[in-house]
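Novice: For reference, the structure I am asking about is given below.
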Amino acid sequence: MPLRGASWRGFGLVVTLALVAALAGACGGGSGSTKDPAAALKTAQHKLEQTSGLTLSLRTDDLPSGVEGLRSASGTVTDAPAYDGTLGVVTSIGSFSVPVRAVGGKVYAQIPLTPGWSEVNPADYGAPDPSQLISAAHGVPSILAATTGATGGGQIRGGTDNKEVLSTVHGSVPASAVSAIIPGATGDFTATYALTSDGELRQVELKGVFYSGHAANTYSLVLTDYGATKHVTAP
């Protein structure tokens with residue numbers, strides 16, 4: 001029997017609602033939440049472990065008062081492992097941004113008021129060996145592997161000039177893993193990861209007690225230029 005009048009209107013409404021639902025599903029919903037957060041972190045971990053190198057930027061804007069520690073880092077880290085860049089440190093005599101190279105298990109820095117390059121122990125400045133920042137055992141991949149309670153968040157803008165749409169994952173990380181970035185870390189840390197559509201880890205935000213006996217603060221890490229290569233030599 002043909003549909004007429006109110007019947008046609010009812011049929012049209014059903015079709016319209018079905019199309020709206022289908023379009024919403026195709027767009028992945030409004031929240032952009034990661035469907036399997038733990039699997040997403042595993043993929044990001046694998047990509048970090050497999051890359052030849054990348055560019056990183058690490059910084060904190062709320063280093064606790066009285067702390068001698070790491071304020072920032074910026075440079076290229078490779079799977080040699082090696083690092084070529086700078087470290088910004090706060091010491092008892094002031095704040096400095098110093099050129100740093102790390103290769104062959106040694107770290108070298110151009111210390112202010114000291115001629116040439118000097119071999120240093122980065123732990124003396126509350127910093128890690130920067131050449132290890134993408135190593136599976138002692139770098140950011142180990143932080144991803146140690147994350148528990150992973151839950152999907154919404155989407156944010158990030159990456160170079162905020163041109164990328166990133167999916168976020170939240171979780172908790174123990175100090176034993178966070179010490180890969182700041183050796184003095186204690187307790188548990190809240191973590192927010194931001195991932196690209198193809199699974200690369202682009203940004204990390206870690207909050208907790210990085211310096212024992214001091215207030216909690218936050219470090220932010222940005223990772224770009226996956227696949228970078230650079231030959232780093234000792235000075």
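Since every read-out is calculated from the coordinates, none of them should be taken as a lab result. Small disclaimer: the values here were computed from a predicted structure and weren't measured. As a convention, Cβ positions derive from the backbone with ideal geometry for all residues, glycine included, and neighbour counts pool all protein chains shown.
Novice: Report the relative contact order of the chain, percent, no decimals, based on alpha-carbon pairs under 8 angstrom and at least 6 residues apart. Each step should come with its number before you reach the end.
Specialist: Numbers: 522 pairs, mean separation 52.4, N = 235.
Once divided by the residue count of the chain, the mean separation gives 22 percent.
Novice: Sort the chain into rounded, prolate or oblate with this rule: let a ≥ b ≥ c be the square roots of the eigenvalues of the Cα gyration tensor; rounded if a/c is under 1.5, and if a/c is not under 1.5, prolate when a/b is larger than b/c, oblate otherwise.
Specialist: Working: a/c = 3.14, a/b = 2.45, b/c = 1.28.
Here the chain falls in the prolate category.
Novice: Can I ask one more? Checking the table Lys106/Lys207; Lys47/Lys230; Lys47/Lys106 against a 24 Å threshold on Cα-Cα, which pairs fail? Working shown, then result.
Specialist: Numbers: Lys106/Lys207 29 Å; Lys47/Lys230 18 Å; Lys47/Lys106 26 Å.
Over 24 Å Cα-Cα: Lys106/Lys207; Lys47/Lys106.
Novice: Obtain the nm distance between the two label points defined at Ser65 and Ala39 by a simple spin-label model: each point lies 7 Å from its Cα along the Cα-to-C-beta direction.
Specialist: Going from the Ser65 label point to the Ala39 one covers 4.9 nm.
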